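Each reported figure results from applying straightforward, stated rules to the coordinates on display, with no laboratory input. Because the structure is predicted, anything quoted here is derived from the model rather than measured. All Cβ positions, glycine included, derive from the backbone under ideal geometry; neighbour counts span all protein chains shown.
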Amino acid sequence: MFCLQALVPFFAGAALFSFMNVAAWRLPRGQNPLDGRSACPACGHVLGAADLVPVLGWLALRGRCRYCGSPIPVRYLLVELVGGALGVGCLQRFGPALTLAEGLFGLRWEGLLALVWCGLLGAVTLIDADTMTIPDRLNALLAAAGLLGLLLHPGLWANRLLGALCVSVPMLLLCLAIPGGFGGGDIKLMAAAGLFLGWQRTLLAGFLALVGGGAYGIWLLAARRAGRRDHFAFGPFLCAGLVIALLFGEELLRWYFSFL
Ligand SMILES: [Zn+2]
């Protein structure tokens, strides 16, 4: 039963991340993600509806353009699969919706909002990994998602407001003390995304990002892939921490506090 129920959220997530993949390619190039139809970057042929079906389209074409045969990067498939998994994750965490009053695409309204929030973080991850910057526009949309979340839970405004401040303010102070530690985009990201998560999960997200980013930095140094003065994009680690905190925050925090 759960398998059938998960099908629609899976494809909703995969389609959303397919769009975010396009947005992540167009935004840094100054193009509007909503403008015009998708075309093959190699031959310029406009893609048909069958080519745009997430996951299945890539598999049916075995990763090659239908018109010119040039390879479609496996990144497209992977990003869509991650989106599908997050669609199922939001179903698991926020519960199913059976009627339009409850939600859309089989997800409760809050789950759908959470999935869109994950999609924005997906675009942030791809763009930051490619260009080492986080567009202000994406942070503004994340903040808007946080405000919409507040409309669903108006009683939690203090918790959510603290979520916006509890990691971003320490990061800002650290940035002032040690210039160049991380970018202003990272700080704005944690303020905007924290507004949706509340302070407990945002603290957890910051902690997870610190552990993940720290381990990656040590690996870079040990493998001599980077020197002490080099920088790497921290945004993807923040985004991963935020998504893990969204979906598994309660279990992780309960597990942590069982040791105290
Ligand atoms: Zn082509």
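GNM remark for the chain: springs join alpha carbons under 10 Å apart, and the peak mean-square fluctuation among Gly63, Gly249, Gly198 falls on Gly63.
The chain gives an Rg/Rh value of 0.99, both radii derived from C-alpha positions and Rh following Kirkwood.
Structural descriptor for the chain: relative contact order 18 percent, calculated from alpha carbon pairs under 8 angstrom and at least 6 residues apart. Distance between Cα centroids, segment 7-73 to segment 203-260: provide it in whole Å. Computed from Cα coordinates, the inter-centre distance equals 30 Å.
Its Cα centre serving as origin, segment 133-260 has a Cβ charge dipole (Lys and Arg +1, Asp and Glu -1) of approximately 260 debye.
Let me make sure I get this right: for segment 133-260, a, b and c are the square roots of the gyration tensor eigenvalues over alpha carbons, sorted descending. Under 1.5 in a/c it's rounded, otherwise prolate if a/b > b/c, else oblate. Which is it? Mind showing how you got there, number by number?
Working: a/c = 2.16, a/b = 1.42, b/c = 1.52.
Oblate shape, in that a/c is at least 1.5 and b/c is the bigger or equal ratio.
Add -39500 (n - 2.57) for each DSSP H run of 4 or more in the chain, then divide by its residues: what number comes out at 222 nm, to the nearest 500 deg cm²/dmol? Please list the in-between numbers first.
Working: 11 runs with 176 residues, N = 260.
Result for the chain, helices only: -22500 deg cm²/dmol.
Can you tell me which of 117-125, 167-175 comes out highest on packing, and rank the rest after it, using the mean Cβ neighbours within 10 Å? It would help to have the intermediate numbers written out before the result.
Values: 117-125: 25.9, 167-175: 17.1.
Listed from highest to lowest mean packing, they are 117-125, 167-175.
What the Kirkwood sum gives for segment 1-131 is a hydrodynamic radius of 15.4 Å, with every pair of different alpha carbons counted.
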